[in-house]
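The values are calculated or read from the model by the stated rules, or taken from the named source; none is laboratory data. It should be emphasised that the depicted structure is a prediction, and the values quoted were computed from it without experimental measurement. Every residue, glycine as well, gets a Cβ built from its backbone with ideal geometry; the counts of neighbours run over all protein chains shown. With ligands, DNA and RNA removed, areas are computed over all heavy atoms of the protein, side chains included. Shrake-Rupley method; radii C 1.70, N 1.55, O 1.52, S 1.80 Å.
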Amino acid sequence: MSAGRIEIRGATLVDPLSGREWTGVLCIEDGRLLSVGEPVAGFRPDRIIEAHGLVACPGLLDLCARLREPGYEYKAHLESEMSAAVAGGVTTLVCPPDTDPPLDEPGLVEMLKYRARGLSQANVYPLGALTRGLQGQRLTEMAELTEAGCVAFGQADAPLQDAQVLLRAMQYAATFDYGVWLRPQDASLARGGVAHDGEVATRLGLAGIPVAAETVALSTILLLARDTGARVHLCRLSSAAGVDLVRQARASGLRVTCDVAAAHVHLSEMDLGYFDANCHLIPPLRSGRDRAALRAGLADGTIDAVCSDHTPVDDDAKQLPFAEAEPGATGLELLLPLILQWAREEGLPFALALRRVTTEPARIMGLPAPALAPGAPADLCLFDPLAAWQVQPGALRSQGKNTPFLGWELVGQVRYTLVAGEVVYASAPG
Amino acid sequence: MTAPNPQLDSHGRLCHLLTTEGLPASILQAILDTAGSFLTVNAREVKKVPLLRGKSVFNLFFEPSTRTRTTFEIAAKRLSADVVNLTVATSSQTKGETLLDTVANLSAMHADMFVVRHSQSGAAHLIARHVGAGIHVINAGDGRHAHPTQALLDMYTIRHYKGDFRRLRVAIVGDILHSRVARSEIHALTTLGVPEVRVIAPRTLLPMQVERLGVSVWQDMARGLEDVDVVMMLRLQNERMNGALLPSAQEYFRAYGLTPEKLARARPDAIVMHPGPMNRGVEIDSAVADGRQSVILPQVTFGIAVRMAVMSILAGQVEP
């Protein structure tokens, strides 16, 4: 791929790493930023992008986006979801191993990476299965999977019920300093549940998942992380009590990171309304108090990153009574506007908010910090921070059209996405 | 919670009966008033009125139930409707798909009304969202969520024996957690102005934050029954009796079975209700079930009139 020379003019440059915001040009050559802010004498661009009114920032990194390949091509396929990623300004994403078959063999990982590379869009980093078939019994060949391209190892939403296996998995991963990404949920306490065990589930007659399902599992993981020294990342926190546990663990010096899904930053159990199956999510949307604690944790850095938890689900799987409807929602194209909304609501500068979808996820993935700096890869997102748009199925490139945000008016729309100096997405305004 | 109430049309008229929650008291009272007028029909030699002549009522039962289905069938037939009974055996894999597919197919046969029972909470709401305009859905029980006609016949019974709701103290006893009847009773009672609704159950059978529904929570049954005017018992399902929820039916009966001694703590003129079918010796002593304070059989009689009322109001044949 021979990337051309591009000059981006007039954009407000927002660098989450340094926290700087200023106006200037970006010159791109050979897939990298040649200069940031100042024009380069004698630079002859092949293409000029007039970006007045737009914000330019490093492309987003999404810690959890399901591409549904292999195995669930009827829900979505790589083409549609990779296209959704760049439409959402996401230039790097992690796909969890809950494919069919699960990503537990190097061949599967290589094939996925090969297919993704062929599309020349976002960079795809598979998360390898921690146990074979995600069955929670035998470890996968983590060294080979790492060589094949896995960024870390996890169980996605499959429960790991055996604490001894968890201990061994952490010990083994720690031996080679592989990351272990776990969503804290005790399988027995969550058994049968489909919604937060609170007022709304009581009213609707839905089986509840208590907060203890998260905190009991979290306690186990945190204790074993301390014992083994494993590099643990906690996925999709959902409760105030969970945020407290992580805050305490970090205060006592434990090296753990964690993320939250964008939906949980904005929604609560109240959004279930009259059994809205689009709000059937994993973990469940909890109380308003829990949501407030997640937002506070995000603001004070207890929660490092926000991810889309992108899960395309077909209509047939959603047009069911709430408990039977498949959990999950499309999210890649909503991540940026939802982060911007959070920033506006909390009065945070964009640079600080964007850290949660750029700098921090990169650190969790073990990648160099994305930056607007000369020499950095030209993975960029240019968005209009004032453009309002309505979330409608037709406005989404993802094959998954189901989201609790259907009908919402969001502010902030991606205009251009560049990966390695190539324009991989461009939209006309309006 | 910005979605409009799915049970009311744009003029505020009842178009589906899915739950007693969120319905104005005036609609609940109108159903009870209309039921009163149908009671006389049921006592006549010729027990038929032509209000639903030419209409098709489909009893769509995804969960077996003889009793409820029969009362709906009788109610529809007394209104001269054509009744089709469908008991749809379901496997958990195909349940949902057949649900909307079945409804679409039956709608194509020009159904006017669906009476739906399903094991999943929210099934009736889902169907109501997908049927065409002019088709009415009556929830005959969805999972743990709601059983509005049962609650309405209970309200009729209470009004019949006790008159003014606004001076009553009512206790609901038993498996609140799994009970759609309890939820619908609570909403109906609080909407109709009952000032004190108590729920009495062991903590394993109480849903989280149930007090948010406007009830007080009691664990000690004898104290909870103190001075109540109405005792509403709930059925305890067999599968809940010996496990992690309860150690045994015997121990449950000791603590939460309604015996004459416990009933003596209530007001002397208190009535005892049960939605049936009863487990004698588990939640209720036979001496109470068959005793002078029991109104369990009248409940069944009123049930038909209440279902006739709901159907005729939905069909627009009776101005509420």
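Each residue in the stretch A:303-326 was checked for being within 14 Å of chain B (Cβ to nearest Cβ) and either open to solvent by 10 Å² or more (accessible area, probe 1.4 Å) or within 22 Å of B:Ser119 (Cα to Cα) (or both), and 13 of them qualify. May I ask you to list the residues in the stretch A:285-302 that are within 14 Å of chain B (Cβ to nearest Cβ) and not in a helix (DSSP H, G or I)? Listed by number, the residues that qualify are A:Leu285, A:Arg286, A:Ser287. Set side by side, the residues A:Val216, A:Val211, A:Val256 differ, and just one is β-branched (Val, Ile, Thr), more than 14 Å from chain B (Cβ to nearest Cβ) and open to solvent by 20 Å² or more (accessible area, probe 1.4 Å), which is A:Val216. Residues of the stretch A:26-43 that are open to solvent by 20 Å² or more (accessible area, probe 1.4 Å) and touching a strand residue (DSSP E or B) at 6+ places or on another chain (Cβ under 9 Å): A:Glu29, A:Arg32, A:Leu34, A:Val36, A:Glu38, A:Pro39, A:Val40, A:Phe43.
Out of all the residues in the stretch B:1-32, which are among the polar types (S, T, N, Q) and in contact with a helix residue (DSSP H, G or I) (Cβ under 7 Å, 6 or more places away or on another chain)? B:Thr19, B:Thr20, listed by residue number. Within the set B:Glu73, B:Glu97, B:Glu45, the sole residue that is modelled with pLDDT of 95 or more and not β-branched (Val, Ile, Thr) turns out to be B:Glu73. The one condition from (1) open to solvent by less than 10 Å² (accessible area, probe 1.4 Å); (2) among the small types (Gly, Ala, Ser); (3) under 18 Å from A:Ala241 (Cβ atoms); (4) free of Cβ contacts under 8 Å to residues at least 60 places away in the same chain that A:Ala292 does not meet is (1).
Considered as a group, the residues in the stretch A:272-284 that are over 19 Å from B:Glu21 (Cβ atoms) and in a loop (DSSP other than H, G, I, E, B) include one that is farthest from the other protein chains (Cβ to nearest Cβ), and that residue is A:Ile282.
Out of all the residues in the stretch A:262-271, is one or more part of a loop (DSSP other than H, G, I, E, B) and either within 14 Å of chain B (Cβ to nearest Cβ) or open to solvent by 10 Å² or more (accessible area, probe 1.4 Å) (or both)? Yes, the conditions are met somewhere in the stretch A:262-271.
Just to be sure, is A:Leu380 more than 30 Å from A:Asp30 (Cα to Cα), under 20 Å from the mean Cα position of the chain (by Cα) and open to solvent by less than 40 Å² (accessible area, probe 1.4 Å)?
For A:Leu380, the condition - more than 30 Å from A:Asp30 (Cα to Cα), under 20 Å from the mean Cα position of the chain (by Cα) and open to solvent by less than 40 Å² (accessible area, probe 1.4 Å) - is not met.
For B:Thr190, the conditions (1) of a type in the set (Ser, Thr, Tyr); (2) more than 20 Å from the chain's Cα centre (by Cα); (3) at pLDDT 95 or above are fulfilled apart from (2).
Considering only residues of the stretch B:1-36 that are of a type in the set (A, V, I, L, M, F, W, C) and free of Cβ contacts under 8 Å to residues at least 60 places away in the same chain, which is most open to solvent (accessible area, probe 1.4 Å)? Break it down into steps so the answer makes sense when it comes.
Of the residues in the stretch B:1-36, the ones of a type in the set (A, V, I, L, M, F, W, C) are B:1, B:3, B:8, B:14-15, B:17-18, B:23, B:25, B:27-28, B:30-32, B:35.
When the remaining residues are screened for being free of Cβ contacts under 8 Å to residues at least 60 places away in the same chain, the result is B:1, B:3, B:8.
On the way: B:Met1: 107, B:Ala3: 56, B:Leu8: 44 Å².
Going through the qualifying residues, I end up with B:Met1.
Checked against (1) among the charged types (D, E, K, R); (2) open to solvent by 50 Å² or more (accessible area, probe 1.4 Å); (3) in contact with a helix residue (DSSP H, G or I) (Cβ under 8 Å, 6 or more places away or on another chain), B:Asp229 passes all but condition (2). Considering only residues of the stretch A:352-377 that are open to solvent by 30 Å² or more (accessible area, probe 1.4 Å) and of a type in the set (A, V, I, L, M), which is nearest to A:Tyr178 (Cα to Cα)? Checking each candidate, the answer is A:Leu367. Scanning the stretch B:16-40 for residues that are in a loop (DSSP other than H, G, I, E, B) and more than 14 Å from chain A (Cβ to nearest Cβ) gives a single hit, B:Pro24.
B:Gly132 falls short of the stated requirement of being within 11 Å of chain A (Cβ to nearest Cβ), in contact with a helix residue (DSSP H, G or I) (Cβ under 7 Å, 6 or more places away or on another chain), in contact (Cβ under 8 Å) with a residue 12 or more places away in the chain and of a type in the set (Gly, Ala, Ser).
Of all the helices (runs of 4 or more DSSP H) wholly in the stretch A:72-190, which have at least 1 residues that are within 22 Å of the chain's Cα centre (by Cα)? Can you show your working first?
Details: elements: A:78-87, A:106-118, A:142-148, A:163-175, A:187-190.
Here the list reads A:78-87, A:106-118, A:142-148.
Candidates are the residues of the stretch A:57-83 that are under 23 Å from A:Arg363 (Cβ atoms) and of a type in the set (Gly, Ala, Ser); the one that is surrounded by the most Cβ atoms within 10 Å (Cβ to Cβ) is A:Ala65. Specify the residue that is surrounded by the fewest Cβ atoms within 10 Å (Cβ to Cβ); the eligible residues are those in the stretch B:237-271 that are among the hydroxyl-bearing types (Ser, Thr, Tyr) and out of contact with any helix residue (DSSP H, G or I) (no Cβ under 7 Å at 6 or more places or on another chain). Across the stretch B:237-271, the extreme among qualifying residues is B:Ser248.
Quick one: which helices (runs of 4 or more DSSP H) sit completely within the stretch B:54-169 and have at least 3 residues that are hydroxyl-bearing (Ser, Thr, Tyr)?
Working: elements: B:67-78, B:95-108, B:123-130, B:148-162.
Per the criteria, B:67-78, B:95-108, B:148-162.
Look at A:Arg226 and say whether it is more than 27 Å from A:Glu333 (Cα to Cα) and of a type in the set (D, E, K, R). Against the criterion (more than 27 Å from A:Glu333 (Cα to Cα) and of a type in the set (D, E, K, R)), A:Arg226 qualifies.
Taking the stretch B:165-215 as the range and being open to solvent by 10 Å² or more (accessible area, probe 1.4 Å), more than 9 Å from chain A (Cβ to nearest Cβ) and in contact with a His (Cβ under 7 Å, 6 or more places away or on another chain) as the test, only B:Val181 passes.
Residues in the stretch A:229-270 that are more than 24 Å from A:Pro96 (Cβ to Cβ) and in contact with a Pro (Cβ under 9 Å, 6 or more places away or on another chain): A:Glu269 only.
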